[in-house]
2 protein chains.
Amino acid sequence: MKKGILITAVCLCSQFVFSQNADSVVIKKIVDETMTNSTAYENLRKLCKQIGPRLSGSQQFAKAVTLVASMMKNIGADTVYLQQCMVPHWVRGEKERGQIILTDGKKYDLKLCALGNSVGTGAKGVTANVVEVNSMAQLDKLGTSVKGKIVFFNFPMNQTYIKTFRAYGESGVSRNRGPAVAGKYGAVGAIVRSLAINLNDYPHTGATGYNDSFPKIPAVAISTNDAEYFSRELKKGNVSKAYFRTTSQMLPDAVGYNVIGEIKGSQFPEQIITVGGHLDSWDLAEGANDDGSGVVQSMDVLRTLKALGIKPKRTIRAVAFANEENGGRGGKKYLDEAKAKNEKQIFALESDEGGFTPRGFSLDMSETQSNKIISWKNLFYPYGASDIIAGGSGSDVGPLKDIGTALAGFTPDSQRYFDIHHAATDVFENVSERELKLGAANMTALIWLVSEYGL
Amino acid sequence: MKKGILITAVCLCSQFVFSQNADSVVIKKIVDETMTNSTAYENLRKLCKQIGPRLSGSQQFAKAVTLVASMMKNIGADTVYLQQCMVPHWVRGEKERGQIILTDGKKYDLKLCALGNSVGTGAKGVTANVVEVNSMAQLDKLGTSVKGKIVFFNFPMNQTYIKTFRAYGESGVSRNRGPAVAGKYGAVGAIVRSLAINLNDYPHTGATGYNDSFPKIPAVAISTNDAEYFSRELKKGNVSKAYFRTTSQMLPDAVGYNVIGEIKGSQFPEQIITVGGHLDSWDLAEGANDDGSGVVQSMDVLRTLKALGIKPKRTIRAVAFANEENGGRGGKKYLDEAKAKNEKQIFALESDEGGFTPRGFSLDMSETQSNKIISWKNLFYPYGASDIIAGGSGSDVGPLKDIGTALAGFTPDSQRYFDIHHAATDVFENVSERELKLGAANMTALIWLVSEYGL
């Protein structure tokens, strides 16, 4: 009996090794094809240079929809279609300005930008005394003593976190919730240190979230270099007041679209695998790494399978989501449609951490499903993406959790992302062709494995 | 008896786990200190922006020696000293020029540069018919039929090699040996496709190696975009001749220096651990990734240990080698001195693959020694450098093999290296602060482990 188990185990094991070998041959083909013929880099160039910034609700976004839909056709999707949804329509208005007014009467021009979704200051701007806080607890402690003041949120990103998204999560509360809480305590404005991990001269925008129960106050991000200067001068007692002027405003919702390209599954067409990134970007950036890269990589999954003549067993959809940055409406719409059509969404992979060199995947699914993907780990090792662990997925595919979809996120190396995230420096030139393609190759390999074996 | 073995095994295992836990605490401190306070990035800025290109034999190189010696002192090395050696002194001369002369009489200006160590064409330049070759075998087959012609070596780097150094090795023969072999067959000039893995407009220089038995012919590198154009026009039969003019020459050997900073070991001072990169760079580049990054990372090993108050058991030396690019004389000198002083060089680590995000280390040592380092693998996992495998080390530490030193190379991600290698684009701006520091942190961790436990 024991011998029987042993023999069975050896057989299963050999079969496993055999199937992994056969899979590794296909994956090598996928990688070779991608590194040689991928159009991801050229598509990204077009998206960044022909369109550029494409905030939800903007004319640029509408142009990007047309461009990406035509790219989806070119790469050979069976079907290309749009999902219409309403999206927030926030506009920056005139070029913002702001200054630190020093006690000696001198003025220091701040490199700043309004935070996404923020209200404007009115034509006169706001001028007020400043109080610096380094944590939300500190603000809560100050409470209504900040009334009539500008709160300066100086939450540097923690340099010691090797996975920089952890630092973004921790310091990000300053931008996400800071202005709302400052408003609650009666502050008249919020100045937020940019969520940049290095010291640079660019303000990094991003959405702030107001609370409808509190007054909504205007809010700007300043560059990390300016934040360092500001904090230093405050400590020295050299700051009299700060001033800034923004004319941003939230307009009524506009129309947006998810752009979808599909290859129908040959054996289980009803089982849908989604791979996507978001098409919208901040208005200050070309959105090359955030998230043009995710969009072109997702399209490349379809292109590579087509080019190799691989007919996936399950249906594969590449989705360029409508609105991640300041509303998450694209992902919500995709879920709503999936529910309405009672779709069997078995797996969804998002690429929204930049087009950098691959490290692995992060899994948000059952243990059994995770273990299946983790058993494929060695297949990804030669291509740099074998760090496959439990974690989050992405904002756009996230809503699918509601219908039990197994979710995953592509995890590129995160060291450079927050140097350029949401800033004018997130441009095509800051994407490496090989890194982008290698990410696409690994994504294609994972999507192919799931299409072949299910979860 | 069996039980006894089991208990011993469990005890050894627990001890192993315990010691790894204790080590991981120290390594976490090393990484935190590096990511927070490293001076590597600022030192690299100075090396690139205050000095810039620093080819062996140049005045710039001499200035770099002074700068790096003062940096070594600043970071707290016990002893800082120079090792003098003679180095090749090749000079580029006047700005090179070259053209493709088309059959319709039009001329196409080539973006080119003389190859390092190459002879000049003389004032008139060379003008000749062209034959394109795609392999050395093809050239050998053509043999003396290339007499009087210019040989165009068009060896594109293989895009499917994920470790790009493999592609460099394969295609590199065109630059290293191509001109010598073309000279042997009577060619009058060599035009070599740059060893760049992407398509760009910059010529990438690098050393060529003549053979004293054959005529030495002038040799240039052209940009990869130009190589594509050239090959296309040749295939169409549109090329009449090619022309280029270089005034490069090899002068008599000049004086160079290895710059060395040392922390004396507290328990085994006679056992020496070397960590280094090379100080010389090509004259066209700031040498930021090749190899300013290796130099500043090596110095940072000493700085971090000092800052943490760690007294290494074994002697640690940071070495900025004198001459890697066109002679390898720095490493040779270091070996000669080690031999003359009968030094016990137990381990040497080189960083000469760029300041990119860490992947691991490559080991060139006995299996027992390798296994010891591989047993530390998990300690590097949180910091991205756990890919520890057998392989090469580096050109500068390589000669130490002669005295049995265990050798290793730091292995950063290689996707971006050959976009900028040996070209005018190898500048400070193309180094990421966090990637550079994270590399230094992992190097420090490995050096510390070896200093603690020996090999």
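The values are calculated or read from the model by the stated rules, or taken from the named source; none is laboratory data. Not measured: the values here are computed from a predicted model. Neighbour counts are summed over all protein chains in view; Cβ atoms, including those assigned to glycine, are modelled from backbone coordinates with ideal geometry.
If you scan the stretch B:184-233, which residues turn out to be assigned to a loop (DSSP other than H, G, I, E, B), among the aliphatic types (A, V, I, L, M) and surrounded by 19 or more Cβ atoms within 10 Å (Cβ to Cβ)?
Going residue by residue through the stretch B:184-233, those that are assigned to a loop (DSSP other than H, G, I, E, B) are B:185-188, B:194-206, B:208-218, B:223.
Narrowing the set further to residues that are among the aliphatic types (A, V, I, L, M) leaves B:187-188, B:195-197, B:199, B:217.
Scanning the stretch B:184-233 gives B:Ala187, B:Val188, B:Leu195, B:Ala196, B:Ile197, B:Ile217.
Only one of these is in the same structural domain as A:Ile197 (by TED's automatic domain parsing), among the hydrophobic types (A, V, I, L, M, F, W, C) and crowded, with 17+ Cβ neighbours inside 10 Å: A:Ala137, A:Ala128, A:Ala123. Name it. Reasoning before the result, please.
Working: A:Ala137 fails: crowded, with 17+ Cβ neighbours inside 10 Å; A:Ala123 fails: crowded, with 17+ Cβ neighbours inside 10 Å.
Result: A:Ala128 is the single residue among A:Ala137, A:Ala128, A:Ala123 that is in the same structural domain as A:Ile197 (by TED's automatic domain parsing), among the hydrophobic types (A, V, I, L, M, F, W, C) and crowded, with 17+ Cβ neighbours inside 10 Å.
Answer yes or no as to whether A:Tyr161 is hydroxyl-bearing (Ser, Thr, Tyr), within 14 Å of another protein chain (Cβ to nearest Cβ) and assigned to a helix (DSSP H, G or I). No: the conditions fail for A:Tyr161.
Can you tell me which residue is nearest to A:Ile346 (Cα to Cα) among those in the stretch A:367-393 that are of a type in the set (Phe, Trp, Tyr) and in contact (Cβ under 8 Å) with a residue 60 or more places away in the chain? Reasoning before the result, please.
In the first step, residues of the stretch A:367-393 are kept if they are of a type in the set (Phe, Trp, Tyr); the result is A:376, A:380-381, A:383.
Add one more test, that the residue is in contact (Cβ under 8 Å) with a residue 60 or more places away in the chain, and what stays is A:376, A:380, A:383.
Numbers: A:Trp376: 18, A:Phe380: 21, A:Tyr383: 25 Å.
Here the answer is A:Trp376.
The one condition from (1) within 21 Å of A:Leu279 (Cα to Cα); (2) away from chain B (no Cβ under 14 Å); (3) not β-branched (Val, Ile, Thr) that A:Ser451 does not meet is (1). The set of residues in the stretch B:407-433 that are of a type in the set (A, V, I, L, M, F, W, C), within 13 Å of another protein chain (Cβ to nearest Cβ) and in a helix (DSSP H, G or I) comprises B:Phe418, B:Ile420.
Of all the residues that make up the stretch A:299-325, how many are in a loop (DSSP other than H, G, I, E, B) and either in contact with a strand residue (DSSP E or B) (Cβ under 6 Å, 6 or more places away or on another chain) or touching a residue at least 12 places away in the same chain (Cβ under 8 Å) (or both)? Walk me through it before giving the result.
The initial filter retains those residues of the stretch A:299-325 that are in a loop (DSSP other than H, G, I, E, B), namely A:308-313, A:322-325.
Subset that is either in contact with a strand residue (DSSP E or B) (Cβ under 6 Å, 6 or more places away or on another chain) or touching a residue at least 12 places away in the same chain (Cβ under 8 Å) (or both): A:308, A:310-313, A:322-325.
Final tally of qualifying residues: 9.
Candidates in the stretch B:149-183 are the residues that are farther than 17 Å from B:Ser231 by Cα and of a type in the set (A, V, I, L, M); of these, the one that is surrounded by the fewest Cβ atoms within 10 Å (Cβ to Cβ) is B:Val173. Filter the stretch B:35-53 down to residues that are more than 28 Å from A:Asn158 (Cβ to Cβ) and surrounded by fewer than 20 Cβ atoms within 10 Å (Cβ to Cβ) and give me whichever is nearest to the other protein chains (Cβ to nearest Cβ). Among those residues, the one meeting the criterion is B:Lys49. Among the residues examined, B:Asp109 qualifies as of a type in the set (Asp, Glu), at pLDDT 95 or above, touching a Gly at 6+ places or on another chain (Cβ under 8 Å) and surrounded by fewer than 15 Cβ atoms within 10 Å (Cβ to Cβ). Of all residues in the stretch B:329-349, those that are in contact (Cβ under 8 Å) with a residue 24 or more places away in the chain have Cβ atoms under 8 Å from Cβ atoms of residues that are in a helix (DSSP H, G or I) and small (Gly, Ala, Ser), 6 or more apart or on another chain, in B:Gly331/B:Gly398; B:Gln345/B:Ala338.
Quick grid of which residues meet (1) part of a helix (DSSP H, G or I); (2) among the aromatic types (Phe, Trp, Tyr); (3) modelled with pLDDT of 95 or more; (4) under 19 Å from B:Leu438 (Cβ atoms):
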{"position": "B:Ile7", "(1), (2), (3), (4)": "yes, no, no, no"}
{"position": "B:Thr34", "(1), (2), (3), (4)": "yes, no, yes, yes"}
{"position": "B:Val65", "(1), (2), (3), (4)": "yes, no, yes, no"}
{"position": "B:Ala69", "(1), (2), (3), (4)": "yes, no, yes, no"}
{"position": "B:Gly76", "(1), (2), (3), (4)": "no, no, no, no"}
{"position": "B:Leu82", "(1), (2), (3), (4)": "no, no, yes, no"}
{"position": "B:Cys85", "(1), (2), (3), (4)": "no, no, yes, no"}
